[in-house]
Amino acid sequence: CHGPTGAGNPQANFPRLSGQHAEYIELQLKSFRSGARANDAGSMMRVVAGKMTDQEIAAVAQYVQGLH
């Protein structure tokens, strides 16, 4: 959804992720998972993050941090 390089998709209103720190990404994914963050259209991120373990969230956050 955010593109192979994390550049985002402006037409779909999916934000750029590349350049974000892993700690930030991890916090946001956990916030989506808990429902504390709910600004995702159609609950898309809440559904995805809701299926993720802490270990999976940490791994995705590290991956995203490496996107350029």
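The values are calculated or read from the model by the stated rules, or taken from the named source; none is laboratory data. Fair warning: this is a prediction, and the values are worked out from it, not measured in the lab. Virtual Cβ from ideal backbone geometry, glycine too; neighbours counted across all protein chains shown. Ligands, DNA and RNA are excluded from the accessible area calculation, which covers all protein heavy atoms including side chains. Shrake-Rupley method; radii C 1.70, N 1.55, O 1.52, S 1.80 Å.
Of note:
- Computed from phi, the 3J(HN,Hα) profile of region 8-16 under the Karplus parametrisation 6.51, -1.76, 1.60 (θ = phi - 60°) reads x, 9, x, 5, 8, 6, 9, x, 5 Hz, with x in place of Gly and Pro.
- Structure-derived P(r) over Cα pairs in 5 Å bins from 0, in percent: which label, when the choices are (1) 4, 19, 25, 29, 20, 3, 0; (2) 3, 17, 30, 26, 16, 6, 2, 0; (3) 3, 18, 30, 22, 14, 8, 4, 1: (1)
- A Cβ-based charge dipole, computed about the Cα centre of the chain with Lys and Arg at +1 and Asp and Glu at -1, lands at about 180 debye.
- Furthest towards positive pole of dipole, Q28, A38, P4, structure part the chain, Cβ charges: A38
- Two-site label geometry, V48 and A12: point separation in nm, points 7 Å out along Cα→Cβ: 0.8 nm
- Of A58, A41, A49, the one that fluctuates the most in a GNM where the chain has Cα springs shorter than 10 Å: A41
- Accessible area of the chain divided out per residue, in Å², using a probe of 1.4 angstrom: 67 Å²
- Share of carbon and sulfur in the accessible heavy-atom surface of the chain [1.4 Å probe, %]: 57 percent
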